[in-house]
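Input: a single structure, listed below in structure tokens.
The values are calculated or read from the model by the stated rules, or taken from the named source; none is laboratory data. Note that the coordinates shown come from a computational prediction; the quantities given were computed from them, not determined experimentally. Here Cβ is always computed from backbone atoms with ideal geometry, including for glycine, and neighbour counts include all displayed protein chains.
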Amino acid sequence: MTTTAASLTTTTPNGPFTVIHDDGIVLASGWTDDPAYLKALIHPSLRPVDELVSDPGSRSGKAILEAVAAYYDGEPGAVEAIAVEQSGGPFIEQAWKVLRTVSAGETRTYTAFAEMAGNAQAVRAAARSCATNAAALFVPCHRILRSDGTLGGFRYGLDIKRWLLDHEAGRNAD
């Protein structure tokens, strides 16, 4: 269990984006200005027990903010260099690792994603890994679509999911 962690918030075209990190390792992130909301998404074994500190100025905080800014400036791969730690069952943790291998500009169906994660029959578990992903953007669950190519769900709304996919495909006017 992490005793302390830091939060930082930046402005994006999709609204405020907040990250909770432990010395540069992302524990949770998403399009909200409410760190308490994100803290609740962190697995209990990793959830900080102390009050979150605001941290826009540390070296690790700056690296995270720079990666998010670079993502929005047209370098979507910039967030891939940021470490992430999440905890779940073996398949879920494998699925989160696999999500990080789906490159910007690419999408996969839940079925293909389950196969990539090592169990073609585990489509619902693959979908659950997306639904329980606390580290949005850094673990790009937005790149997973329904088998018919429609967006499916996204914790931060389908408008943001569509925007992210369009941005990564170079379809957003900047």
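Within region 163-174, the residues that satisfy the criterion of being assigned to a helix (DSSP H, G or I) and either free of Cβ contacts under 8 Å to residues at least 12 places away in the same chain or aromatic (Phe, Trp, Tyr) (or both) are Trp163, Asp166.
Here Gly88 fulfils each of the conditions (1) modelled with pLDDT under 95; (2) under 20 Å from Pro16 (Cβ atoms) apart from (2). Restricting the search to region 15-37, which residues are buried (at least 21 other Cβ atoms within 10 Å of the Cβ) and among the aromatic types (Phe, Trp, Tyr)? The one that is buried (at least 21 other Cβ atoms within 10 Å of the Cβ) and among the aromatic types (Phe, Trp, Tyr): Phe17. Against the numbered list (1) over 19 Å from Lys161 (Cα atoms); (2) under 17 Å from the mean Cα position of the chain (by Cα); (3) surrounded by 15 or more Cβ atoms within 10 Å (Cβ to Cβ), Ala81 comes up short only at (3).
Each residue in region 128-162 was checked for being outside any loop (DSSP other than H, G, I, E, B) and either in contact with a Ser or Thr (Cβ under 8 Å, 6 or more places away or on another chain) or surrounded by 18 or more Cβ atoms within 10 Å (Cβ to Cβ) (or both), and 10 of them qualify.
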